[in-house]
Structures are given as structure tokens and as C-alpha cells.
Amino acid sequence: MTAWRNWGRSVLAHPTSIETPRDETEVVALLSRAAGDRRRVRPVGAGHSFTPIAATDGVMVRLDALSGVRRVDGHEVTLGAGTRLRDLPALLRPYGLALENMGDIDTQTVAGAISTGTHGTGTAFAGIAAQVTGLRLVLAGGGVVDCSGTVRPELFQAARIGLGAFGVLTEVTIRCVPAFLLAADEHPMPLAPVLEHFDQITAGADHVEFYWFPHTDTALVKSNTRLGLESGRRPLPRWRSTLDDEAMSNGLFAATCGLGWLVPQVVPTINRVAAHLVSTRTFTDDSYSVFTSPRRVRFREMEYAIDRDAIPEAIREIRTLIQRKGWRISFPLEIRVAAADDVWLSTAYGRPSAYVAVHRYHRDPFAEYFLAVQEVLLAFGGRPHWGKLHSLGHEQLRARYPRFGDALAVRDTVDPDRRFANPYLDRVLGP
Ligand SMILES: Cc1cc2nc3c(=O)[nH]c(=O)nc-3n(C[C@H](O)[C@H](O)[C@H](O)COP(=O)(O)OP(=O)(O)OC[C@H]3O[C@@H](n4cnc5c(N)ncnc54)[C@H](O)[C@@H]3O)c2cc1C
């Protein structure tokens, strides 16, 4: 028995063992053994999900050794499932390629990122799983299968955002794009016009998001525009990125979150000062270094996808809720957008979506705040991120995903004995 914790420190598990197979053959052997011993198995990535989605008291499998580029065919790149997103820039550089879109960190594994529906922002851009064109999995009994839009398409549709419930991914093929730059424009704006003109603002650049600091009228709007490499990088000076990303976003932020935890009454003042300190920045850099930044202050997060049109009303309601309840919330809300996609268990399945994420410092209580915000977002057609905290069960989720039943039917076929089950999957997919 060994102890395992996730990044957000919201989950503690005691797997019987943590296995690190060196190649696919060892994954097959491991699953055949587990089937013989009737042991439960959970693949795990970088442990960056906030939910107990990867937790198990059975065998935990880390795919760190299955990393790197396997094949490149035009823009389609086949990667070992355990490849970390942070390794992709160097791995893809020789081919002049990059991921089309990314979330705000790069610590995750490729398999972990797609399995929970990791996304970034952009009205015309879907999450990473929507760029996946092929998967290779080891199934519960030890059989190895390839699937794609044309080969075992039902398994492909279910396992693209598969929550680790369909098999152990050993390879993931992703449609990449030619490497590109992002011109970043970050500036504070009053919240009211951001909400009033949300559609125009998010349509105004390729990748737009905004942060709203509770207890203030200020939003930080980040707009990134895609440019060809020939446009030339104009990165932030090193002192500035260190000051912004390390000193302000991590060092000072850690200190103010700690202070807010000890003395909650000071949070509104801290947020007003922080909103005031947010400064305008423009720079142009490689896509991956603009999309992602280091996150060293530990937190818990809940994120819901809702109908994009509902954002202004939803944020106004959450604002009223925070005021009415008297909570002191140090973390900004993060609002992003995504194109509709066709991945069965995607939060953006079949509809242009917007994401509302709420966070709390890892020492602060989160349940009351998250549950109340969840109620607001459910009323706007909310679908929870599979890797972030929420309290829904499979009956509620079925009503929110048109292809939920189809995904469960595939699960019954490939894992009838529930080799990959854990309590979280029992809750969200059913026993
Ligand atoms: C600081 C921080 C920032 C984040 N930012 C974003 C963001 O911008 N956008 C966003 O959408 N999400 C974001 N997330 C959430 C994160 O991207 C997801 O939770 C993601 O799943 C984590 O990847 P991981 O490699 O850590 O996987 P884990 O959390 O370890 O596992 C996630 C799931 O993947 C499955 N899995 C892992 N490997 C395999 C495999 N080989 N085969 C089959 N299944 C497998 C696991 O069983 C589990 O179900 C963030 C999380 C943190 C902590």
C-alpha cells in the first residue's frame, strides 16, 4: 500500500501498487495479470485533476515511460500516451508543428489531458480531444486495439474523452498545425462593458478569456491573435516575465492568498489592490509560451461549460450570490469560450460553449461556494469539467450529454467487469 496525492491536494488514495510499465508489452502483461487476480486498475497521468478520477485502491499505472513521438504523417503526430505537454515544443520543433490550442498549463500528460476534456479558449477552437484522430489502447483483458473515426469509431468517440474508463491509452494521434506565434494583448477593463459586449470581445481575437476579481468592478481581458512565425517574436523582457509570472502571479499571490486565509476580511481590499496592479501588456511569442504559464499556488477548482449566450447573466448572478453570502473570495473567476465539437463526452458537445471556472486557495473551504455556483451554472445548461470538482451523478449527467448512453454501451462492451472502475466513475458513469 502506498500513498498518492493529486496536485490540488483534494485527493488522497492508497493504491496497492504504482506500476510504471516500460512499454506497451508490459502494459498488456499488467492488465492480463490484473484480470487474473481480479484487481482494479487506474491509469494516471500527472495527477492534475481535482476530482478523484484517477484514484484507486487497486493498481495505479503511470505511463511516464511511454513518451515521445512515434510517427509523423503530415500534420498528424502519434505520441506516447504518457508524453507531457511541456515536452511537445521540443518534440514537434523538428517538424515545424504545434498543438492548435492549449489550456493554461503544460504539466499534464497527453492521455490525461484528453481523457478529461482539457481545453483552452477561442470561439473557433475546440479542446485538445477534438484534435485527436487516432487512439491505441490496451483493453481490460489485455487486448490491444487501434481506433479512429473509421476504425472502431464508437470506441474512438467514447474514449477520446474517456475518463480512463475504456482502456489504458498507449498512443494518441493528434492533428497538429504549423508552428505559430501569438500576439498577446492583456489589459484591465471594467466588468460591466465586458459582460455587455462579451460576444464582440470574444470574437475580436482568436483566443480571448477574462478574469474577474470578486469584490471589484475590474476584469483582466487577455486576447491572443495567431500570427505566422515570419511575423517575428517580440517577447516580454526576461525581467518582466519573471516579475509577472513568478513574483506577481505566484510569489505575491501565494502570500496574499495565505493572508486572506488567515484574515478573510482583508480579501476585498487585496483584490482591489491586485485589480489595480494588473497592468497592460502586449508581446508576441511562441504559441505554447503564451498559452501556458507556471501555476505554483495550489488551489481547488470547479469549472462548468454553459451556453455561450448565457455568460453575462450567469456572471451577474454569481456576483450577486457572492455579495449576498458575504464570502471572501481571493481567486478571480476565469471565463473562456470554445467552439462546438462532436466528442461524445465533451463539455462542448454540439454547442458553442463558454466556461466559468471558480477557484479557492487550497487551505480555504470550498464546498459551500462551489455548490452554490454550481446551482447557478446548472440552470444555464451547465456541464462540469470531468477533472474539476462538482457533485453531479450519472443520472444528472445523462440528461446533459446527448450521447451519454452510447458511451456507456461502449463501456459495457469493452469493460463489462469494470476493471477500470473507481468510486468516481461509479458516481459519474454508473456502476
Ligand atoms: C494548475 C492546473 C491548471 C489547469 N488548467 C486547465 C486548463 O486550462 N484547461 C482545462 O481544461 N483543464 C485544466 N486543468 C485540468 C487538467 O488539465 C485535467 O484535469 C487533466 O486531466 C490533467 O491531466 P493529467 O495528466 O494530470 O491526468 P490525471 O489527472 O492524472 O488523470 C486524468 C484522467 O486521465 C486518465 N488517464 C491518464 N492517463 C491515461 C492513459 N494512459 N490511458 C487512459 N486514461 C488515462 C486517468 O485515468 C483520469 O481519468 C488544470 C489543472 C490544474 C491542476
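Looking at the stretch 1-79, which trypsin sites (Lys or Arg not before Pro) are in a loop (DSSP not H, G, I, E or B) and have at most 16 other Cβ atoms within 10 Å? Let's see the in-between values first.
On the way: sites: Arg5, Arg9, Arg22, Arg33, Arg38, Arg39, Arg40, Arg62, Arg70, Arg71; in loops: Arg9, Arg22, Arg38, Arg39, Arg40.
For trypsin sites (Lys or Arg not before Pro) across the stretch 1-79 that sit outside H, G, I, E and B with at most 16 neighbouring Cβ atoms in 10 Å, the list reads Arg9, Arg22, Arg38.
Considering only protein heavy atoms, with the full assembly of protein chains and a 1.4 angstrom probe, order Asp104, Asp206 by accessible area, largest first.
Asp206, Asp104
Could you give me the percent of Cα pairs per 5 Å distance bin for the stretch 181-384, shortest bin first, beginning at zero and ending with the bin that holds the maximum distance?
1, 7, 14, 19, 20, 18, 13, 6, 2, 0, 0
Given only helices, namely DSSP H runs of n ≥ 4 each adding -39500 (n - 2.57), what is the per-residue ellipticity at 222 nm of the chain, to the nearest 500 deg cm²/dmol?
Numbers: 15 runs with 125 residues, N = 431.
Dividing the helical sum by the residues of the chain leaves -8000 deg cm²/dmol.
Hey, rough spin-label estimate for Thr150 and Met189, points 7 angstrom out along Cα→Cβ, what's it come to in nanometres?
A separation of 4.4 nm, rounded to one decimal place.
Mind checking which of Ser330, Ser279, Trp261 is farthest towards the positive end of the stretch 181-384's charge dipole, using Cβ charges of +1 (Lys, Arg) and -1 (Asp, Glu) about the Cα centre?
It is Trp261, whose Cα lies furthest towards the positive end.
Identify, among Tyr349, Gly228, Pro190, the residue whose Cα sits farthest towards the positive end of the charge dipole of the stretch 181-384, taking +1 on the Cβ of Lys and Arg and -1 on the Cβ of Asp and Glu, with the dipole about the Cα centre.
Checked the options; the winner is Pro190.
Over the chain, what is the relative contact order in whole percent, taking alpha-carbon pairs under 8 Å and six or more residues apart? Before the final figure, lay out each step's value.
Working: 943 pairs, mean separation 79.1, N = 431.
Computed value for the chain: 18 percent relative contact order.
Enter the angle in degrees (range 0 to 90, nearest 10) between the Cα long axis of helix 367-378 and the first principal axis of the Cα atoms of the chain, meaning the one along which they spread out most.
It is inclined by approximately 90 degrees.
For the stretch 323-371, state which trypsin sites (Lys or Arg not before Pro) are in a DSSP loop and have at most 15 other beta carbons lying within 10 Å of their beta carbon.
On the way: sites: Arg324, Lys325, Arg328, Arg336, Arg360, Arg363; in loops: Arg328, Arg363.
Counting only loop positions with at most 15 other Cβ atoms within 10 Å, the trypsin sites (Lys or Arg not before Pro) in the stretch 323-371 are Arg363.
Just to be sure I understand the curve: with the Debye formula and one point per C-alpha of the stretch 297-353, what is log10 I(q)/I(0) at q = 0.15, 0.18, 0.19 Å⁻¹?
The Debye formula, applied to the Cα set alone, gives -0.57, -0.76, -0.82.
Provide, for q = 0.06, 0.13 Å⁻¹, the log10 of I(q)/I(0) from a solvent-free Debye sum over equal Cα point scatterers in the chain.
Log10 of I(q)/I(0), two decimals: -0.24, -1.18.
The values are calculated or read from the model by the stated rules, or taken from the named source; none is laboratory data. What you see is a predicted model, and the numbers here were worked out from it, not measured in a lab. Glycine gets a Cβ as well: all are built from the backbone with ideal geometry, and neighbour counts include every protein chain shown. The accessibility values were calculated without ligands, DNA or RNA, using every heavy atom of the protein model including side chains. Shrake-Rupley method; radii C 1.70, N 1.55, O 1.52, S 1.80 Å.
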